[in-house]
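Contents: one structure, followed by commentary.
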Amino acid sequence: MIASQRILYIMQRINELGVINLKDIAQQLNVSETTVRRDFEKLEKQGKLKRVQGGATTSDGPEALLDSAQITTRLKTHVNFAEKQQVGAYAANLVQEGQCVYLDDGTSILPLAEILMRKKVQIVTNSTLLLQKAQRAEADIFLVGGRYQPYYDVVVGPIAQEILDKFYFDHAFIGCFGVCLEKQMAYTVEIDTLSMKTLAIKNARHKHLLLDSSKLGKAGFYAVAGLQTFDHVICNKPKEPPRNLPGNVILV
């Protein structure tokens, strides 16, 4: 991978997570830690990030964030929380009791998960983050088995894909890193979760993309699916709604 592609990926991860781990980035890019360290040094000189022990954070981010990927995930849960609640409340009304739904990974899905867990439905997910909300759930919850990826609070890999492919869903609710309206495409930045999203979309009767408005105009590293793939693209209403939105985009 050439340097410009590495830099783009690193900045996408910083923008999404707020903090990244040097070893994880090296593994994801299939390059040496020395190479990633040099990239971090270059970006720090440009004022685009701040190096901390073991990784990097945003240029104005606190160093304490780096201690744990779990901390990063918990912090992301509270980013644009009200907007995610609006989206989740609308999406929950699409589900009837007795139906089977797939809930994707990511914090955008959490408010929806909390509502659906109080319904008599079947929930299939690869997100271990959702299980933290499962106490006293009315729903039947199935966690897909496979390789646990703690940095993202997900289960992924060939075993997880094989299991997921055996399910059929009334609804699949998919999260994303961003949406490029010009290309009419939803994006993610992690290849293993991309495979899970693709399978869930394939095996669902109805597909729904959930995001908050901060993700509009963001192009990620990997294309998930065209916006026309989804029955609904559900997003909170931004202060200045984009023009010429596709007919399946619902602003709540």
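Values in this text are rule-based calculations from the coordinates and carry no lab data. As the structure is a prediction and not an experimental result, all values here were calculated from the model. Reconstructed Cβ throughout: ideal geometry from the backbone, glycine too, with neighbour counts over all protein chains shown.
Some points to look at:
- Three-way shape call for the chain based on the alpha-carbon gyration tensor, with the a/c threshold at 1.5: prolate
- Choice from Arg38, Arg13, Arg118 with maximal GNM fluctuation in the chain (Cα, 10 Å cutoff): Arg38
- Excluding exposed DSSP-loop GluC sites (Glu not before Pro) (at most 12 other C-beta within 10 Å), longest clean stretch of the chain: 1-96
- Angle of helix 191-202 to the longest C-alpha principal axis of the chain, folded into 0 to 90 degrees and rounded to 10: 20°.
- Potential extension, Glu41-Asn15 segment - 0.36 nm per residue separation minus Cα distance: 7.6 nm
- Helical mean residue ellipticity (222 nm; -39500 (n - 2.57) per DSSP H run of 4+; nearest 500) of the chain: -10000 deg cm²/dmol
- Most fluctuating residue given options Gly55, Gly175, Gly98, as computed from a GNM of the chain linking Cα atoms under 10 Å: Gly98
- Cα gyration tensor category, rounded, prolate or oblate, for the range 116-168 with a/c compared to 1.5: oblate
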